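**Student:** One structure follows; several queries about it will come next.
The values are calculated or read from the model by the stated rules, or taken from the named source; none is laboratory data. Only a predicted model underlies this, so the values are computations on that prediction, with no experimental measurement involved. Note: ideal-geometry Cβ built from the backbone for every residue, glycine included; neighbour counts use all protein chains shown.
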Amino acid sequence: MKIYYAPNTRAVRIVWLCEELSLGYELHKFDGLTDKRMREPDYLGIHPLGRVPCLEDDGQHIFESGAIVQYILARYGDGKLAPKPSSDEFANFLQWFHFAEGMLMPPVNTLVVETRILSAEKSNPTNIARAKKLLGRMLAAIEAGLGDKDYLIGDFTAADIMCGHAAIVAARNGGDIADKPAVTAYVKRLQARPALEKSWDID
């Protein structure tokens with residue numbers, strides 16, 4: 001497997017998953033989202049938007065981090081990091097797996113654009129306030145979902161790779177978790193995992 005990667009992006013999820021599963025992979029590293037190599041024709045033929053992550057495996061290219069995680073689990077996971085469809089936790093697993101991109105990341109994306117990409121003159125305070133309010137609601141849902149559990153469905157699964165990564169990114173980009181003790185502990189617990197530590201910014 002070949003992973004197209006840039007530090008501090010959703011590509012972290014793919015490396016994290018492979019490290020948790022002890023899977024071998026080849027890394028093609030970009031310097032960041034502004035790396036001009038991501039806009040060159042060769043890479044645009046691999047990922048039409050010139051973004052990361054992208055996975056190359058058996059002559060196929062797959063982009064979208066959630067799709068890549070599901071692909072790796074199905075082909076190489078050997079039943080790890082995901083409950084069986086017959087499990088009582090399967091529906092909960094799917095819910096949190098998709099909550100990451102469906103609900104949590106949209107307001108994070110808005111905050112990144114408004115506070116990091118746009119100049120102060122072009123930034124829209126209304127958009128920022130709305131995004132912070134939405135993000136607070138999404139993080140509150142995770143707080144309630146965690147309850148007294150260490151991970152979203154009890155044991156560590158790929159739902160934590162998807163949703164946990166999103167929660168960490170949210171906390172780094174304007175999401176207030178000071179009043180959310182379960183999320184605060186969850187973020188610290190995830191950041192202490194060696195597989196994630198290795199995945200954030202690979203030399």
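**Student:** How many residues does the stretch 45-70 hold that are free of Cβ contacts under 8 Å to residues at least 40 places away in the same chain, aliphatic (A, V, I, L, M) and in contact with a helix residue (DSSP H, G or I) (Cβ under 8 Å, 6 or more places away or on another chain)?
**Tutor:** 1
**Student:** Now a separate question. Given the criteria buried (at least 17 other Cβ atoms within 10 Å of the Cβ), polar (S, T, N, Q) and in a loop (DSSP other than H, G, I, E, B), does THR9 qualify?
**Tutor:** For THR9, the condition - buried (at least 17 other Cβ atoms within 10 Å of the Cβ), polar (S, T, N, Q) and in a loop (DSSP other than H, G, I, E, B) - is met.
**Student:** State all residues of the stretch 17-62 that are farther than 23 Å from CYS163 by Cα and in a helix (DSSP H, G or I); if no residue qualifies, say none.
**Tutor:** LYS36, ARG37, MET38, ARG39, PRO41, ASP42, TYR43, LEU44
**Student:** In addition: Considering only the stretch 17-36, state which residues are at pLDDT 95 or above, surrounded by 12 or more Cβ atoms within 10 Å (Cβ to Cβ) and over 18 Å from the mean Cα position of the chain (by Cα).
**Tutor:** Of everything in the stretch 17-36, those that are at pLDDT 95 or above, surrounded by 12 or more Cβ atoms within 10 Å (Cβ to Cβ) and over 18 Å from the mean Cα position of the chain (by Cα) turn out to be LEU23, TYR25, HIS28.
**Student:** Looking at the stretch 104-127, I want the residues that are over 29 Å from GLU143 (Cα atoms) and have a partner that is modelled with pLDDT under 95 and part of a helix (DSSP H, G or I) with Cβ atoms under 7 Å, at least 6 apart or on another chain. Which pairs are those?
**Tutor:** SER123/GLU114; SER123/THR115
**Student:** Still on this structure, please answer the following. I'm checking my understanding of the structure. Among residues of the stretch 149-203 that are of a type in the set (Lys, Arg) and assigned to a loop (DSSP other than H, G, I, E, B), which one is surrounded by the fewest Cβ atoms within 10 Å (Cβ to Cβ)?
**Tutor:** If we take residues in the stretch 149-203 being of a type in the set (Lys, Arg) and assigned to a loop (DSSP other than H, G, I, E, B), then LYS149 is surrounded by the fewest Cβ atoms within 10 Å (Cβ to Cβ).
**Student:** Criterion first (touching a His at 6+ places or on another chain (Cβ under 8 Å) and either of a type outside the set (S, T, N, Q) or in contact (Cβ under 8 Å) with a residue 60 or more places away in the chain (or both)) does GLY79 satisfy it?
**Tutor:** No: the conditions fail for GLY79.
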